[in-house]
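Enquirer: Attaching a single structure in structure tokens format; questions to follow.
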Amino acid sequence: MALKNASNLCQKTLRATKFKPLKHLLITAALCALPFLLHAHNHASTKSPVAIAIHGGAGTITKANLSDEQEAEYKLAINTALDLGYEQLAQGKDGLDAIVAAIKYLEDSPLFNAGIGAVYTFDGQHELDASIMRGDNLQAGAVASVTNIKNPIVAARLVMEQSVHVMLSGKGAEQFALEHGVEKTENTTFNTPRRFEALQRAKQRISESEAVDTQAYLENAEFNDFKFGTVGVVVLDANGNISAGTSTGGMTAKRYGRVGDSPIIGSGTYADNTSCAVSATGHGEYFIRYNVAADICARMKYQKISLEQAANTVIHDVLLPAGGTGGIIAIDAKGNIAMPFNTEGMYRGSIDIDGNKTVLIYKD
Ligand code: ASP
């Protein structure tokens, strides 16, 4: 209707403004463009609404532990990642494009335990894990323990889209990724002084206690730095699909090729349009054993409860009593978002289906 009115008005004005001064011609041009703009607007609004949520890790993140500058830095990074992802979604791009855009940015930021800024292994290296999954056809891709891939999330997507496998690890994953054109980098690219100091502290604690070997250190949160900085993104795209992605350096002082939950489909990442899409962060061993991401989706699906109920139950009533600390972000096909965590803080943010943006760090 509005389109027709604007078209008629345009034609009338064209007739009336014949041989009239430039000002009238400009008004006419604007009126003639209006139907096309309206059409473009209507076309865009026939697509389903989009939404995104991001985490940058959970842990003992308290106001007392963060300076105002650090707080501002983290908030800015989460904000920027949200904008990068949302931009893709608003353009009608696939959810995986949004996930990769946001996670690549976070992998390149030294603030997070993914890509640059990843934690160190016991041997002073970085071994990176990442995964991605889409909810319409349950396709998934993951890489584990890669050491020279600049953006592991890109490699995870390639595994999903260009291979017949779901998870590739170590040297094989690197060879596959490089053959498919991903950017190679030196392992030292991921170095940061802050994570190096964390490794020294961890080693000191391990050596101070005869009873605490590396394995016990990993098992026992008391001995760990207890700040997880994994990054993850979940989205609802304009086609109504939900997807999830996660990227991490794992846990400080990890050894023997330890792989956490982040690249494990069902534990650290899961997406299914019939329930929800989830990305996790926290003490990976627990997230693996409790199959956290898939369990939230299964509870929603079979118990017919809301996303929020399912997510809260798993994080607070199942994981915490078992000793598992961390949190998740999740979205369902209607765009409902849940971001529960059982630690003191979790870097997180979202833009909901109405375009409302939130960026938060602490509990309240
Ligand atoms: N979940 C990750 C792991 O255990 C760590 C993290 O969330 O920061 O590898």
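Coordinate-derived values only; no laboratory data. The structure displayed is predicted, hence computed values, not measured ones. Cβ placement follows ideal geometry from the backbone for every residue including glycine, while neighbour counts extend to all protein chains displayed.
Enquirer: Which ³J(HN,Hα) values, rounded to whole Hz and listed in residue order, are derived for segment 193-208 from phi using the Karplus coefficients 6.51, -1.76 and 1.60 in 6.51 cos²θ - 1.76 cosθ + 1.60 with θ = phi - 60°, glycine and proline given as x?
Expert: Karplus-based 3J(HN,Hα) across segment 193-208 equals x, 4, 6, 5, 4, 4, 5, 4, 4, 4, 5, 4, 5, 5, 6, 5 Hz.
Enquirer: How do V50, V119, V278 rank when sorted from fewest to most other Cβ atoms within 10 Å of their own Cβ?
Expert: With the sparsest Cβ surroundings first, the list reads V50, V119, V278.
Enquirer: Collect residues whose amide H, placed 1.01 Å from N in the peptide plane, falls under 5 Å from the amide H of G345; neighbours closer than 5 in sequence don't count.
Expert: The list, which skips near neighbours in sequence, is G59, I61.
Enquirer: I need the phi-derived Karplus couplings for segment 139-154: 6.51 cos²θ - 1.76 cosθ + 1.60, θ = phi - 60°, integer Hz, Gly and Pro marked x.
Expert: 6, 8, x, 8, 10, 10, 6, 8, 10, 9, 9, 4, 10, x, 5, 5
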